Amino acid sequence: MFDNLKEKLGSFRKDAEAAAEENVEEVDDEEELEDEDSEVAEETTAPEPSDAPAATAESTGDAPSAREDDHEPADAPETRETATASDETAVATSESALENESQGEDASTETVDDTPAVASETPAADTVDEASEPTHEESDVDEETPESEAIEDDDIEVGETEDAAGASVADGTEDDDTADADEDNGTGFGAKARSLVKGKFVIEEDDLEGPLQELELALLSSDVEMNVAQEILDNIREELIGETRTFTTSTGAVVEEALHDAIYDVISVGQFDFEERLAAEDAPVTIIFTGVNGVGKTTSIAKLSQYLEERGYSSVMANGDTYRAGANEQIQEHADALDTKLISHEQGGDPAAVLYDAVEYAEANDIDVVLGDTAGRLHTDEGLMDQLEKIGRVVDPDMTLFVDEAVAGQDAVNRAREFDEAAEIDGAILTKADADSNGGAAISIAHVTGKPILFLGVGQGYDDIERFDPDEMIDRLLEDDV
Ligand SMILES: Nc1nc2c(ncn2[C@@H]2O[C@H](COP(=O)(O)OP(=O)(O)OP(=O)(O)O)[C@@H](O)[C@H]2O)c(=O)[nH]1
């Protein structure tokens with residue numbers, strides 16, 4: 001489910017993490033974290049005795065982690081000081097030189113190139129040269145660069161950071177190979193994330209520009225609605241750019257949190273607890289299902305009937321689709337399979353009358369919920385929309401749920417908006433999520449309509465319905481498969 005989108009978000013995380021790590025300064029402990037925060041503005045003054053990895057952090061994506069435990073003051077002078085403070089310009093120039101150099105390349109490439117440049121404390125021109133001659137750097141700063149890069153080895157074996165780092169110091173010349181090996185092994189941001197411990201960074205807008213552009217394209221090509229994609233990007237910018245960020249785990253965790261929050265903001269719009277709402281209403285609670293043909297309304301009603309039964313709510317089905325031949329038989333099959341009562345009229349009858357009868361039946365038999373099917377329709381179909389309006393007047397439903405299929409992507413998003421405008425909906429059910437690798441509709445519908453997605457249909461069986469939980473959805477999208 002949503003595999004394409006997941007993959008694309010993964011790419012962004014890698015790129016953004018690399019951008020973050022270019023700017024990481026590692027710190028010793030919590031206090032230092034706080035202290036250093038306040039020092040950020042005045043970095044040109046006192047030398048910071050610890051790890052110095054501004055230089056190394058600038059250098060490799062993973063640098064700071066390796067530095068974690070060997071804060072040798074001796075390293076300091078040529079690192080943080082120079083790199084972040086008085087020699088800010090060197091960093092800036094080296095970065096811009098690198099940018100020039102690596103225009104069009106992704107951030108992870110830049111980070112590797114960055115290593116010697118910063119560690120060398122040399123002017124931009126030199127750093128560029130040195131970037132292409134890593135061995136020069138290694139001989140100069142052999143206690144730093146190789147070690148910091150050695151973390152790439154560590155990525156492979158999370159939890160053995162110190163040992164691995166120690167071992168890597170000895171064979172620090174393998175950095176390029178190991179970096180490649182990492183990629184080959186697909187160790188990715190998850191492993192890397194766990195290898196870092198504490199640090200801080202400031203990401204400038206330029207650092208993220210490339211990754212964000214990529215992300216925008218990725219979201220749009222995953223059928224995320226344009227404004228929703230924009231909102232996600234804005235949220236990420238707000239989360240990541242500009243401020244000094246401290247972290248106690250890794251840049252990966254910071255990026256993940258930013259992405260989580262950015263997406264959460266758009267997909268959690270209007271969420272309410274479906275069962276609490278049911279419990280709060282007087283029985284019978286009448287729920288009407290609308291949407292276009294064939295998206296899974298009837299199947300969703302059957303699934304919900306079972307879902308409710310499992311939670312102690314009785315239900316009756318009502319076939320308000322008096323329009324389509326065979327509709328009665330189709331829903332009757334579900335009712336029989338689930339041993340649930342169905343109220344239906346002859347084809348061509350008045351749907352509002354069917355639903356009225358179902359409500360009466362529920363009242364007379366202490367049934368908790370009426371699940372009312374309706375004919376598939378387009379919001380532009382005036383006759384059918386009038387029908388829906390009449391149902392509204394006659395039975396005054398407690399909820400109107402819009403059903404559409406996740407695989408319809410942008411179309412589903414547009415229809416959700418149009419249905420909501422034509423006949424206000426309370427929420428949505430997104431079916432066939434099991435067959436959707438893009439996830440755009442799932443990401444967009446709540447933000448576009450202001451109404452939540454309440455359920456996902458995830459298969460053809462009666463059990464194949466899930467409560468839509470924004471947190472779970474994001475965890476699923478951001479989980480590491482590696
Ligand atoms: N894979 C998958 N198939 C589903 C899901 N929900 C429904 N379907 C299938 O989609 C097809 C159409 O489902 P229906 O419930 O008949 O759709 P409908 O919206 O009631 O159709 P009309 O009555 O014609 O308006 C059926 O074959 C269902 O089994 C789902 O979540 N996943």
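Worth pointing out:
- Residue in region 355-373 that is closer than 15 Å to Ala423 by Cα, surrounded by fewer than 17 Cβ atoms within 10 Å (Cβ to Cβ) and either acidic (Asp, Glu) or touching a residue at least 24 places away in the same chain (Cβ under 8 Å) (or both) present: no
- Of all residues making up region 333-344, the number that are within 16 Å of the ligand (Cβ to nearest atom) and assigned to a loop (DSSP other than H, G, I, E, B): 2
- Flag for Ile301 being in contact with a Pro (Cβ under 9 Å, 6 or more places away or on another chain), farther than 16 Å from Phe468 by Cβ and either within 16 Å of the ligand (Cβ to nearest atom) or in a loop (DSSP other than H, G, I, E, B) (or both): no
- Looking across region 454-475 at every residue that is within 16 Å of the ligand (Cβ to nearest atom) and under 16 Å from the mean Cα position of the chain (by Cα), the one that is modelled with the highest pLDDT is identified as Phe468.
- Scan of region 417-436 for residues that are part of a helix (DSSP H, G or I) and either out of contact with any Leu (no Cβ under 7 Å at 6 or more places or on another chain) or not assigned by TED's automatic domain parsing to the domain that holds Gln387 (or both), ordered by number: Arg417, Glu418, Phe419, Asp420, Glu421, Ala422, Asp434, Ala435
- Test: residue in region 383-394 that is basic (Lys, Arg) and touching a residue at least 60 places away in the same chain (Cβ under 8 Å): no
- Scanning region 348-355 for any residue that is under 40 Å from the mean Cα position of the chain (by Cα), within 14 Å of the ligand (Cβ to nearest atom) and either polar (S, T, N, Q) or assigned by TED's automatic domain parsing to the domain that holds Gln332 (or both) turns up nothing.
- Filtered by the rule that a residue be surrounded by fewer than 24 Cβ atoms within 10 Å (Cβ to Cβ) and away from the ligand (no atom under 16 Å from the Cβ), region 402-422 gives Gln410, Asn414, Arg417, Glu418, Asp420, Glu421, Ala422.
- Looking only at residues in region 261-298 that are within 16 Å of the ligand (Cβ to nearest atom) and either within 17 Å of Ile367 (Cα to Cα) or outside the structural domain of Ala428 (by TED's automatic domain parsing) (or both), the one that is surrounded by the most Cβ atoms within 10 Å (Cβ to Cβ) is Ile288.
- Any hit, region 356-375, residues being under 23 Å from Gly457 (Cβ atoms), of a type outside the set (A, V, I, L, M, F, W, C) and out of contact with any Pro (no Cβ under 8 Å at 6 or more places or on another chain): yes
- Whichever residue in region 366-381 is in a loop (DSSP other than H, G, I, E, B) and farther than 14 Å from Asp282 by Cα and, among such residues, is farthest from the ligand (Cβ to nearest atom): Thr380
- Among the candidates Ala335, Ala262, residue that is over 20 Å from Ala428 (Cβ atoms) and within 31 Å of the chain's Cα centre (by Cα): Ala262
- Some residue of region 308-323 being touching a strand residue (DSSP E or B) at 6+ places or on another chain (Cβ under 9 Å) and part of a helix (DSSP H, G or I): yes
The values are calculated or read from the model by the stated rules, or taken from the named source; none is laboratory data. Source: prediction; values computed, not measured. Note that we place each Cβ from the backbone using ideal geometry, even for glycine, and neighbour counts take in every protein chain shown.
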